[in-house]
Amino acid sequence: MAERGTIFALQPPYRFNNVYKDYTDCMDMRYAFVVGKQTPDGFVIDIEDLARTLDKIEALTG
């Protein structure tokens with residue numbers, strides 16, 4: 001991973017955890033996540049939520 005990189009998690013709504021946050025803080029990395037919406041087949045991520053979060057990551061690391 002690049003210096004001060006970002007771990008970006010796509011989280012299902014029924015199994016959210018934040019285990020990487022402490023790790024990324026200790027390693028001077030960033031952590032971001034998007035929580036999806038449950039569907040009969042699993043979960044989906046809203047493309048607008050994904051794009052907005054990626055834009056925020058880009059603005060911080062740009």
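Observations on the structure shown:
- Phi-derived couplings, Karplus 6.51 cos²θ - 1.76 cosθ + 1.60 at θ = phi - 60°, listed residue by residue for region 46-60: 5, 4, 5, 5, 4, 4, 4, 5, 4, 4, 5, 4, 4, 5, 7 Hz, with x used for Gly and Pro.
- For region 14-21, Karplus couplings with θ = phi - 60° (6.51, -1.76, 1.60), whole Hz, Gly/Pro x: 9, 8, 6, 8, 10, 5, 7, 4
- Beta bridges per DSSP with both ends in the chain, % antiparallel, nearest 5: 35 percent
- In plain terms, the chain from Leu54 to Gln38 could stretch by 3.6 nm, reckoned as 0.36 nm per residue minus the Cα-Cα distance.
- Per residue, the accessible area of the chain comes to 77 Å², computed with a 1.4 Å probe over protein heavy atoms only.
- Evaluated at q = 0.14, 0.19, 0.20 Å⁻¹, the base-10 log of the normalised Debye intensity for the chain, with identical point scatterers placed on the Cα atoms, takes the values -0.44, -0.75, -0.81.
- Within the accessible area of the chain (1.4 Å probe), percent carbon and sulfur: 54 percent
- Helix-only mean residue ellipticity at 222 nm for the chain, each DSSP H run of n ≥ 4 adding -39500 (n - 2.57), per residue, nearest 500: -11500 deg cm²/dmol
The values are calculated or read from the model by the stated rules, or taken from the named source; none is laboratory data. Remember, it's a predicted structure, so these values are computed and weren't measured experimentally. Ligands, DNA and RNA are stripped out before the accessible areas are found, and what is left, the full protein with its side chains, is counted by its heavy atoms. Shrake-Rupley method; radii C 1.70, N 1.55, O 1.52, S 1.80 Å.
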